[in-house]
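Let me begin by presenting the structure, written as structure tokens, before commenting on it.
Only the coordinates and a few stated rules stand behind these numbers; no lab work does. On a predicted model such as this, the values are computed, not experimentally measured, just so you know. Glycine also receives a Cβ, built like all others from the backbone with ideal geometry; neighbour counts cover every protein chain displayed.
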Amino acid sequence: MEAHNSIKRFIVGIFISMMPLVLFAQDIEAKPQGIERLRSQIDRVIRGENENFGIAIKHLESGQELQINGDTYFPMASVFKVPVVVEVMAQIKEGRFSLDDEISIQKPDLHLGSGMLSDLDVPGIKLSVRNLINMMLKISDNSATDILVTKVGPENVNNRLRSIGIENMTVNRTCQDLILEAIGLNPENYRGLSLEDVHKTRRKEMAENPDAFEEATKKFSQVLKDQSTPLAMNMLLEKIFTKEILDDPSCEHILSVLLKCQTGLRRIRGDLPSGVNLAHKTGTIGGTVNDVGIIYLPDDLGHVVLTIFTKDTEDDTSDVEDLIAQISRFVYDYFYFTVE
């Protein structure tokens with residue numbers, strides 16, 4: 001009996017001594033491993049707003065990737081200017097026009113929204129296609145964009161996307177039409193108007209039906225126009241970088257302009273170390289605050305394609321920008337310190 005008790009005590013002692021190792025092993029197993037650590041960091045940042053964020057991440061050289069709501073549609077806002085420039089460069093390659101062709105700017109060409117072109121006096125201005133692209137991508141000029149969208153045609157942008165295997169992205173409207181519909185106004189009532197008359201008509205219509213603005217704003221993200229999934233946008237950026245679409249000079253030209261983007265300094269770029277190259281494009285309207293781009297990791301560690309879309313956010317734009325900057329820094333740190 002005493003021998004039996006001794007054996008029992010011995011077994012119990014071994015079990016107790018092994019408990020810390022068992023618990024330690026369980027603790028290791030419970031902690032996210034690999035790229036799931038990055039997901040865990042991002043989840044903590046966007047906690048409570050997961051449905052409002054769409055994120056796609058891919059390190060091109062290693063193939064490591066991560067998505068959050070990657071197949072969900074989000075309004076692109078001015079990010080739609082990326083597929084537009086792809087179609088512009090494609091039509092140039094096809095010989096329909098050239099980068100150096102000049103376009104005379106008329107009063108009806110000046111449109112609502114961001115940029116500087118609408119502050120200039122016309123007629124009397126001629127801009128090359130090259131400079132219209134610069135204005136569209138560097139400072140997100142809406143008037144320059146709408147001139148190019150009208151020139152190439154939204155339906156051709158979509159056909160091009162489908163031809164290169166991108167399904168879940170559509171371009172439907174000019175910037176001005178998008179803005180007008182977002183505030184509950186009919187773009188057909190503004191065709192051919194000068195910007196001054198657009199403002200007058202807009203103020204008059206909004207005064208007559210103030211509820212239309214609030215109603216349209218609530219439904220904006222539900223309208224499947226000018227929307228994309230994060231995965232589709234990441235795919236387009238990857239194809240531009242790897243030159244799977246167009247030719248090398250065309251893709252290089254797009255990247256060279258995106259590398260000089262001047263908007264959204266507090267978004268993907270916000271918390272990145274000084275000197276890190278970023279080719280990107282921002283977009284903002286209502287509850288949508290977006291930034292998409294390619295982070296060039298230093299020390300030859302590769303390139304990260306990153307899409308961060310948002311919708312229906314109730315926070316101030318600056319608060320959403322802070323979240324985007326945090327996510328971007330997590331992405332940068334993860335790949336910089338794990339890629340060999």
> Under a point spin-label approximation (7 Å from Cα along Cα-to-Cβ), what is the R203-L120 distance to one decimal in nm?
Replying inline: 2.6 nm
> By the scheme Lys and Arg +1, Asp and Glu -1, what is the net charge of all other residues having a beta-carbon under 13 Å from that of K281?
Replying inline: +3
>> Quick check: the distance between the Cα centres of segment 286-302 and segment 127-195, to the nearest angstrom?
In response: 23 Å
> Structure shown: which of K138/K200; K58/K281; K225/K311; K31/K58 lie over 20 Å apart, alpha-carbon to alpha-carbon?
Replying inline: K138/K200; K31/K58
>> Compute the angle between helix 154-163 and the longest alpha-carbon principal axis of the chain, please, reported from 0 to 90 degrees and rounded to the nearest 10.
In response: 40 degrees
>> Using a Förster radius of 22 Å, what is the FRET efficiency between L60 and K260 based on their Cβ-Cβ separation? Nearest 0.05, please.
In response: 0.55
>> Can you compute the charge dipole magnitude of segment 36-338 about its Cα centre, using +1 on each Lys and Arg Cβ and -1 on each Asp and Glu Cβ, nothing else charged? Give it in debye, rounded to the nearest 20.
In response: 340 debye
> Relative to the longest principal Cα axis of the chain, at what angle does helix 142-152 sit, 0 to 90 degrees, rounded to 10?
Replying inline: 80 degrees
> Which aspartates and glutamates have a Cα less than 19 Å from the Cα of K126, not counting those fewer than 8 places away in the same chain?
Replying inline: D100, D101, E102, D109, D141, D146
> For helix 248-258, what angle does its Cα long axis make with the longest principal axis of the chain, in degrees from 0 to 90 and rounded to 10?
Replying inline: 90 degrees
>> Take E196 and D333, extend 7 Å from each Cα along the Cα→Cβ direction, and tell me the distance between the two endpoints in nm.
In response: 5.4 nm
> Per residue of the chain, what 222 nm ellipticity follows from adding -39500 (n - 2.57) for every DSSP H run with n ≥ 4, rounded to the nearest 500?
Replying inline: -15000 deg cm²/dmol
>> Tell me the relative contact order for segment 147-242 as a rounded percent, counting alpha carbon contacts under 8 Å between residues six or more apart.
In response: 36 percent
> What does the charge add up to near D197, with Lys and Arg as +1, Asp and Glu as -1, over the other residues with Cβ less than 13 Å from its Cβ?
Replying inline: +4
> When Kirkwood radius over Cα pairs in Å is calculated directly from the model, which label among (1) 22.0; (2) 20.4; (3) 23.3 fits?
Replying inline: (1)
> Taking only C-alpha pairs under 8 Å that are 6+ residues apart, what is the relative contact order of the chain in percent?
Replying inline: 23 percent
>> Just to be sure I understand the model, the point goes 7 Å from the Cα along the line to the Cβ. What's the resulting S128 to D316 distance in nm?
In response: 4.2 nm
